[in-house]
Amino acid sequence: MTGKLNRKIVGALMKSYKQNHGMKADYSFFMKMELLDEYPLEKLLKANYTVKLKKSSIEITIPIRERAIERKNNVVTEYYFEAILLWGNPLDEKALRVEDVESELYTYDRARKNPCVLELDLPTKKVPWMCILKVGSMEGELRASHAKNYGLKVVAVGGM
C-alpha cells in the first residue's frame, strides 16, 4: 500500500472514529473514494454505472457499449469488472471479511446488448461495509501489468 493511500484510509477511519465519539469506526468517509489517485475510475470507465441497494444485496449494473473502457495501449486485449465487498469492524483485523464477484471478459470496442450485472449479498449482521468497483484489463491470458489499466472506487457504504 502506498503511503498516500495509507494516509487516506487511516484518515477516513479516524474521521469516523471521532464522529462516533471514540466508540467505533465505520466506512462512512470512504464513499466515492478513489483508491488509485493517479488513475481514477472515471478516466478508465466511460459508461455510466448504477448501484442499487436491495433488501439483502447490492447490485452494480454497467452497460457494455463500444469504448465503455478506455484502452490505454494495444497490449491489453480484454477488460473485466469486479465488485468487492469489505465488511466488519475496521478496527479489528480479525473481524474483517471480503467477498467479491468478477465479470466475464469483454472485448474492447464491442458493444453487448446485455449489461454487466455484479451482485453481492450484504452482511446479515448489522456491521459496517463498503463496496468497491474495480475495472481491470488483460494482456492475453495475464492480468495487465501497469496500474493505468485499473480503476478502483468505493461506490457504496452502509451498515452504520
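Among the residues of region 38-74, those identified as touching a helix residue (DSSP H, G or I) at 6+ places or on another chain (Cβ under 8 Å) and open to solvent by 50 Å² or more (accessible area, probe 1.4 Å) are GLU38, TYR39, GLU70, LYS72.
For the residues GLY158, GLY151, the requirement of being open to solvent by less than 40 Å² (accessible area, probe 1.4 Å), touching a Pro at 6+ places or on another chain (Cβ under 9 Å) and within 27 Å of GLU70 (Cα to Cα) singles out GLY151.
Would you say ASP26 is without any contact (Cβ under 8 Å) to a residue 40 or more places away in the chain and in a loop (DSSP other than H, G, I, E, B)? It is false that ASP26 is without any contact (Cβ under 8 Å) to a residue 40 or more places away in the chain and in a loop (DSSP other than H, G, I, E, B). When region 148-157 is filtered for residues that are over 13 Å from GLU82 (Cα atoms) and not in a strand (DSSP E or B), the ones remaining, listed by number, are LYS148, ASN149. The residue pairs whose first member lies in region 39-60 and is farther than 26 Å from PRO123 by Cα and in a helix (DSSP H, G or I), whose second member is open to solvent by 70 Å² or more (accessible area, probe 1.4 Å) and at pLDDT below 95, and whose beta carbons are closer than 9 Å, counting only pairs six or more residues apart or on different chains, are LYS43/GLU70; LEU44/GLU70.
Please go through region 94-109 and give me each residue that is within 17 Å of LEU44 (Cβ to Cβ), outside any strand (DSSP E or B) and either at pLDDT below 95 or among the acidic types (Asp, Glu) (or both), ordered by number. Within region 94-109, TYR108, ASP109 qualify.
In this structure, does LEU86 turn out to be surrounded by 14 or more Cβ atoms within 10 Å (Cβ to Cβ), closer than 25 Å to GLU38 by Cβ and not acidic (Asp, Glu)? Answer is yes for this residue.
Okay, residues lined up against (1) buried (at least 17 other Cβ atoms within 10 Å of the Cβ); (2) at pLDDT 85 or above; (3) in a strand (DSSP E or B):
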| site | (1), (2), (3) |
| --- | --- |
| LEU5 | no, no, no |
| ALA12 | yes, no, no |
| LEU36 | yes, yes, no |
| VAL76 | yes, yes, no |
| PHE81 | yes, yes, yes |
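Contact map, region 95-106: residues that are small (Gly, Ala, Ser) paired with residues that are open to solvent by 40 Å² or more (accessible area, probe 1.4 Å) and at pLDDT below 95, Cβ distance under 8 Å, separation 6+ or inter-chain. Pairs shown: ALA95/ASN89.
State which residue is surrounded by the fewest Cβ atoms within 10 Å (Cβ to Cβ) when the search covers only region 115-147 and only residues that are charged (D, E, K, R) and assigned to a loop (DSSP other than H, G, I, E, B). The qualifying residue surrounded by the fewest Cβ atoms within 10 Å (Cβ to Cβ) is GLU141.
The values are calculated or read from the model by the stated rules, or taken from the named source; none is laboratory data. All values reported here derive from a predicted model rather than from experimental measurement. Note: ideal-geometry Cβ built from the backbone for every residue, glycine included; neighbour counts use all protein chains shown. We work out accessible area using only protein heavy atoms, side chains counted, and drop any ligands, DNA or RNA first. Shrake-Rupley method; radii C 1.70, N 1.55, O 1.52, S 1.80 Å.
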